[in-house]
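Student: Dropping the structure in here first, questions after.
Each value in this text was obtained by applying a stated rule to the coordinates, not by laboratory testing. A quick note: this is a predicted structure, and the numbers were derived from the prediction, not measured. Cβ atoms come from the backbone with ideal geometry, glycine included; neighbour counts cover every protein chain shown.
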Amino acid sequence: MLLNKYFWALRMSILSLVYKNIKMPGYLGKPLLMMGVKNIKLAKRVRIFPNARFEVHEGGEIDIRENVSIGQGFHITSQGKLTINSGTVISGNVVVTNIDHEYQDITKPVLLQPHLVSETIIGENCFIGFGAVIQAGTKLGKHCVVGANAVVRGVFPDYCVIAGVPAKIIKQYDVEKQIWLKP
């Protein structure tokens with residue numbers, strides 16, 4: 001594994017020479033796809049395991065801030081602004097997007113209808129569980145924990161645990177009592 005990480009760091013350093021928006025140190029396992037690399041910002045200490053898929057469409061932007069760890073099989077798509085803030089840990093097989101497909105016109109296939117773009121933000125120090133889907137327009141506050149396989153859409157405050165399909169808050173941190181409470 002250590003040898004793999006050496007090659008992943010080498011890959012990231014070569015990319016950082018070509019694209020000034022990719023900073024070192026960090027590493028990037030062999031991705032499946034990196035489309036629109038010039039609009040992908042990777043800050044220092046971003047660690048991405050293999051089989052990631054990055055797609056930036058029509059001037060979109062992906063901004064991954066400092067000290068973020070991303071598990072294998074990650075899939076991220078952006079047509080607008082999408083931000084993953086510092087200190088976040090994303091488990092394997094997670095999907096993050098800011099794009100929805102329009103489906104209102106029943107005379108046209110969904111693929112021929114326009115995209116609906118809504119800014120997506122993952123707050124600082126969040127944890128996203130295995131297989132979660134973070135949908136367009138989602139805004140997670142600081143230190144949110146998303147359960148495995150959750151399907152998340154909406155705005156969630158700081159210090160909450162979110163789980164389910166559709167995801168909802170199942171615990172929230174009480175700053176005064178300094179404990180996690182069920183709502």
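Student: What shape does the stretch 30-78 take by its C-alpha gyration tensor, where a ≥ b ≥ c are the square roots of the eigenvalues and a/c under 1.5 counts as rounded, a/b above b/c as prolate, and the rest as oblate?
Tutor: Numbers: a/c = 2.21, a/b = 1.20, b/c = 1.84.
Taking the square roots of the gyration eigenvalues as a ≥ b ≥ c, the stretch 30-78 is oblate.
Student: Something else about it: Of the beta bridges DSSP finds with both residues in the chain, what % are antiparallel, to the nearest 5?
Tutor: Numbers: 11 of 53 bridges.
Taking every DSSP beta bridge with both residues in the chain, the antiparallel ones total about 20 percent.
Student: What dipole magnitude, in Debye to the nearest 20, does the chain give about its Cα centre under +1 on Lys/Arg Cβ and -1 on Asp/Glu Cβ?
Tutor: Values: 21 positive and 13 negative charges, 134 e Å.
That gives a dipole near 640 debye.
Student: Tell me the label only: which of [x] 26, 24, 14; [y] 34, 28, 15; [z] 24, 21, 15 is semi-axes √(5λ) of the Cα gyration tensor in Å as calculated from this structure?
Tutor: [x]
Student: Then there is this: Scan the stretch 26-128 for GluC sites (Glu not before Pro) in coil per DSSP, keeping those whose Cβ has at most 16 other Cβ atoms within 10 Å, and list them by number. Please list the in-between numbers first.
Tutor: Working: sites: 55, 58, 61, 66, 102, 119, 124; in loops: 58, 66, 102, 119, 124.
Sparse-neighbourhood loop GluC sites (Glu not before Pro): 58, 66, 102, 119.
Student: Right, something else. Take the alpha carbon gyration tensor of the stretch 62-160, find the square roots of its eigenvalues, order them as a ≥ b ≥ c, and report rounded if a/c is under 1.5; if not, report prolate when a/b exceeds b/c, else oblate. Walk me through the intermediate numbers first.
Tutor: Numbers: a/c = 2.03, a/b = 1.92, b/c = 1.06.
It is prolate, given that a/c is not under 1.5 and a/b is the larger ratio.
Student: Please compare each pair in 23/182; 30/168; 139/177; 139/182 to a cut-off of 31 Å on the Cα-Cα distance and tell me which ones are over it. Present the calculation step by step, with values, prior to reporting the outcome.
Tutor: Values: 23/182 40 Å; 30/168 34 Å; 139/177 25 Å; 139/182 21 Å.
Cα-Cα > 31 Å for 23/182; 30/168; rest within.
Student: What does the C-alpha gyration tensor say about the overall shape of the stretch 1-60? Classify as rounded when a/c is under 1.5, otherwise prolate if a/b is larger than b/c, or oblate. Before the final figure, lay out each step's value.
Tutor: Details: a/c = 2.34, a/b = 1.47, b/c = 1.59.
Note, shape of the stretch 1-60 comes out oblate.
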